[in-house]
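Visitor: Below you'll find the structure I mean.
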């Protein structure tokens, strides 16, 4: 017990064990542990991770045999280059201390890094599998890129060679308006700044003072896995997946792959290739347009020539207009010469035909015949008095209509009273009939002979039961609660009382 000689309380007997208070013993242990392990590096797997509102991190470092509690104070947690996740293998640097309140020791972590490239890749694969399970990599959700965007938004570092390469290639191919959102492309600030940039571009108003881009390019030059790790963070991948603007990922070189490459609408092997994907070559478009115009002109010219030749061929096959009018003109001349003589001969024939019966008609005889006929017609008109007959017919029609109306009214009154009585009886029948009770969910139980059973004892003694519901009857086996095969039989519908 030499370790505690300086802390032995006064008055302790020389031959006896020293006595310590709990606080004295805890303090002695704390000084020993902090003195021996003032600065340590521990490699282990992250277990339970707790993030209270205070901002501190409470976690467990473990291997296959032991567990050490760890604390990352809020100021240190905000400066970590990585976000601790359960199951990640890390190397933690800090100092050991004790917590007397719970009689345990713990490590105060001042720095934490993944335990080599293998740990980073394992965490990346785990995160990739999670996002793929959510459908963020599905090709069906990827948006088509615009053929010729008016405005291109670029998320990258404003001071690197990447933005210069992109602007140079856009200027060579097809100059477009470019909006640059400067971000950090590595380090702990990379992921949140890139995510905010993507979300910020999406929140711009189309056609506003600062117009919303038609296409986004997220670009960064090549580097190690650690340098590109910001583009593997979950917040960046989710921001790219949620972007309403088509997005091209151009992070690293062709062999570099990050999570944003899987969720973006198009992946470019390099930032320069992203500019080539974003816009076509202006001179090629002009050449294609000129070639198309020449082909269209040649096609129209050839079509006009073919139609003109066809028209000329048809014109040669048709007779001339003068030839078509020669014969009708000649016939008109002949008929115009014959018309006066034909009119004269026709008038002569009609005059001769009228003169023959006119000679047989003498004026006096014709007058007497007309007088005789007029006198006979007058006598017959006196005998035929049409007006009295018409008056009698009109009076008879009026009487007939009046009698018909009276007969209809009487018939309606004779039928209405019995109908009202029948309606009342039908309503009474519906009220008193047991069918209404069945429709409310009740049933009638009958025995084998059709008698109504009103008690469970009678139902048990019956050889067979028939249960009547509102929509039909069903037979079941009777006696001692046994059930037989059931069969539903539809009752014939009850005829109408009318």
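Visitor: If I go through segment 158-206 residue by residue, how many of them are touching a helix residue (DSSP H, G or I) at 6+ places or on another chain (Cβ under 8 Å), assigned to a loop (DSSP other than H, G, I, E, B) and under 18 Å from residue 269 (Cα atoms)?
Guide: 1
Visitor: Okay, moving on. Restricting segment 98-114 to residues that are in contact (Cβ under 8 Å) with a residue 60 or more places away in the chain and surrounded by 17 or more Cβ atoms within 10 Å (Cβ to Cβ), which is farthest from residue 188 (Cα to Cα)?
Guide: 98
Visitor: I'd like to check something: does segment 254-263 contain any residue that is over 20 Å from residue 138 (Cα atoms), touching a strand residue (DSSP E or B) at 6+ places or on another chain (Cβ under 6 Å) and surrounded by fewer than 23 Cβ atoms within 10 Å (Cβ to Cβ)?
Guide: No, segment 254-263 contains no residue that is over 20 Å from residue 138 (Cα atoms), touching a strand residue (DSSP E or B) at 6+ places or on another chain (Cβ under 6 Å) and surrounded by fewer than 23 Cβ atoms within 10 Å (Cβ to Cβ).
Visitor: (1) part of a strand (DSSP E or B); (2) within 46 Å of the chain's Cα centre (by Cα): which one isn't true of residue 81, the others all being true?
Guide: Looking at each condition in turn, residue 81 falls short on (1).
Visitor: Do we find that residue 51 is loosely packed, with under 15 Cβ neighbours inside 10 Å, closer than 16 Å to residue 109 by Cα and modelled with pLDDT of 80 or more in this structure?
Guide: Against the criterion (loosely packed, with under 15 Cβ neighbours inside 10 Å, closer than 16 Å to residue 109 by Cα and modelled with pLDDT of 80 or more), residue 51 qualifies.
Visitor: Quick one: which residue in 209, 140, 195, 184 is at pLDDT 90 or above, over 17 Å from residue 276 (Cβ atoms) and either loosely packed, with under 13 Cβ neighbours inside 10 Å or under 25 Å from the mean Cα position of the chain (by Cα) (or both)?
Guide: Selected residue: 140, the only one of 209, 140, 195, 184 that is at pLDDT 90 or above, over 17 Å from residue 276 (Cβ atoms) and either loosely packed, with under 13 Cβ neighbours inside 10 Å or under 25 Å from the mean Cα position of the chain (by Cα) (or both).
Visitor: Looking at 248, 166, can you tell me which residue is within 17 Å of residue 144 (Cα to Cα) and touching a residue at least 60 places away in the same chain (Cβ under 8 Å)?
Guide: Step by step, each of 248, 166 is checked, and only 248 is within 17 Å of residue 144 (Cα to Cα) and touching a residue at least 60 places away in the same chain (Cβ under 8 Å).
The values are calculated or read from the model by the stated rules, or taken from the named source; none is laboratory data. All values reported here derive from a predicted model rather than from experimental measurement. Quick reminder, even Gly has a Cβ in these numbers, built from the backbone with ideal geometry, and neighbours come from all protein chains shown.
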